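Let me begin by presenting the structure, written as structure tokens, before commenting on it.
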Amino acid sequence: MTGAQPPLYQQVKRELLAAIAAGEYSPGKPFVTQREICERFGVSHATAVRALNELAAEGHVVRRRGQGTFVAERKPAPGDQTVACILQYHGPHVSQLLAGVEAGCAEFGYRLYLTHCEGDTAREEHALRQALAHNASGIIIYPAEGSRIEGVYEEVRSHRVPLVMVDRYRPDLATDAVLVDNFGAGHDLTVELIGIGHRVIATLWDETDATSVRDRLAGHLQALREHNIPARPDLTVLRRYRSQPVEQRRAMLRELLNGPQPPTVFLCSNGYALATAAHDLAALGLDIPGDVDLAGMDDAGPFDVLPLTVAAVELPSRELGRRAMRLLHSRVTEGPADPEMIVLPVTVKNRKSAPGHLRVVGAPWEGR
């Protein structure tokens, strides 16, 4: 003898749950109406209403007054929430940024999956697809320089997975972002240099195709205009320095230093460019400080750059990661909202605030 069939409304409810699980109805999208249920399953309005009521009571769908019934956003069970963190490169800045993300994950109860892409856009795209494949609750990403990939970001959007960019943003994509004040980094550091007497300031760049870099250059140029200092193209041109061959880098420096108005300070885009400049200038026979000064638009580098500089910008790296995680958590728990851009202030520190000073003494240089 076979068991009794479950009530008709439960059969309808089971079929609708299977359709949701199969992806026939996406989270946040309109669900079937009572009339559509009646037509699809050949049941009465009373049966359709009861099936919908149970789905709503169990949290599978939500009703919005005047709008209809919608598939509920997926609510992972406690301990099941994961965050994919996709970063570029290594070093103190990225390590502190990651520490802030980790602290946020611990606070809000997320598991963290980390990928380092080393500036490779193909690896960035793969990491984003992996995050979707593993049903990440949210994504924090430090996009690669010059990233132009679009399709995978549209997939992230279509899956309604919250995404927060850190350190830089994509002007072509409307996403949440947590940034440092890169315009202020370029502007305020330039004002500091002008205040101590520098009026011929050369810039040296590492990456060139990133919003952080362009914003720093814009801030530098604004400070020059405010102090009626003409912007010389040979000093402010946005060109790669650190990645050039050694002889080409040193030829660039030699040309600037042999000019009629040589720079008195090199304003480096980050700590890595600054460390490279110190090495090249010493090889050319210059003392730092003495013959020329160095300044850093951020303190991200292989070592503490401040003792070697006349001034440097200190980044709030750990806070950057912590605020990104806080914003991501709000998107996961509260649902989509208009994209937000959070900009954190930076601090300019001069040599006087360093615990000690470094001096680089170069070999005799025939150009002096």
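Computed from the coordinates by the stated procedures, all read-outs in this text should not be read as laboratory data. Keep in mind that this is a model prediction, so the values were computed, not measured. Glycine gets a Cβ as well: all are built from the backbone with ideal geometry, and neighbour counts include every protein chain shown.
Determine, from the Cβ-Cβ distance of Q261 and R123 and an R0 of 45 Å, the FRET efficiency 1/(1 + (r/R0)^6), rounded to the nearest 0.05.
Details: r = 44 Å, r/R0 = 0.97.
Here the calculated transfer efficiency is 0.55.
Could you please rank C117, C268, placing first whichever residue has the fewest other Cβ atoms within 10 Å of its Cβ?
Values: C117 22, C268 29.
Going from least to most buried by this count: C117, C268.
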Using Cα centres only, tell me the gap between region 315-353 and region 115-179 in whole Å.
17 Å
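If you scale each eigenvalue of the Cα gyration tensor by 5 and take the root, what three semi-axes come out for region 182-315, rounded to whole angstrom and sorted largest first?
On the way: eigenvalues 75, 55, 44 Å².
Output for region 182-315: semi-axes of 19, 17, 15 Å.
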Quick one: C38, C85, fewest Cβ neighbours within 10 Å first, how do they rank?
C38, C85
Compute a Gaussian network model of the chain, connecting alpha carbons closer than 10 Å, and tell me which residue from R239, R14, R250 fluctuates the most.
R14
Any idea what log10 I(q)/I(0) is at q = 0.12, 0.13 Å⁻¹ for region 234-301, Debye with uniform C-alpha scatterers and no solvent?
-0.27, -0.32
For the chain, set up a Gaussian network in which alpha carbons nearer than 10 Å are linked by springs, and say which option among E124, E15, E73 fluctuates the most.
E15
Going from the fewest other Cβ atoms within 10 Å to the most, one would list E192, E150 as E150, E192
Once you list every other residue whose beta carbon is under 13 Å from the beta carbon of R240, what net charge do they have if Lys and Arg are +1 and Asp and Glu are -1?
-1
For the chain, find the longest principal axis of its Cα atoms and tell me its angle to the long axis of helix 211-226, 0 to 90°, nearest 10.
50 degrees
Helix axis angle, 121-133 relative to the chain longest principal axis, alpha carbon, degrees:
30 degrees
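I'd like to know how region 8-71 sits against the 2.2 N^0.38 Å rule of thumb: what's its Cα Rg over that expected value? Could you put the intermediate results ahead of the total?
Numbers: Rg = 10.7 Å, N = 64, 2.2 N^0.38 = 10.7 Å.
That works out to 1.00 for region 8-71.
Using only helices, what value at 222 nm comes out for the chain when you add -39,500 (n - 2.57) per DSSP H run of length 4 or more and divide by the total residues, to the nearest 500 deg cm²/dmol?
Details: 12 runs with 150 residues, N = 368.
Roughly -13000 deg cm²/dmol at 222 nm, from the helical runs in the chain.
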Along each principal axis, Cα extent of the chain, largest first, Å:
104, 39, 34
How large is Rg over Rh for region 38-195, taking Rg from the Cα atoms and Rh as the Kirkwood inverse mean of 1/r across Cα pairs?
1.14
Calculate how steeply helix 8-21 sits against the longest principal axis of the alpha-carbon atoms of the chain, using the helix alpha-carbon long axis, and give the answer as 0 to 90 degrees to the nearest 10.
20 degrees
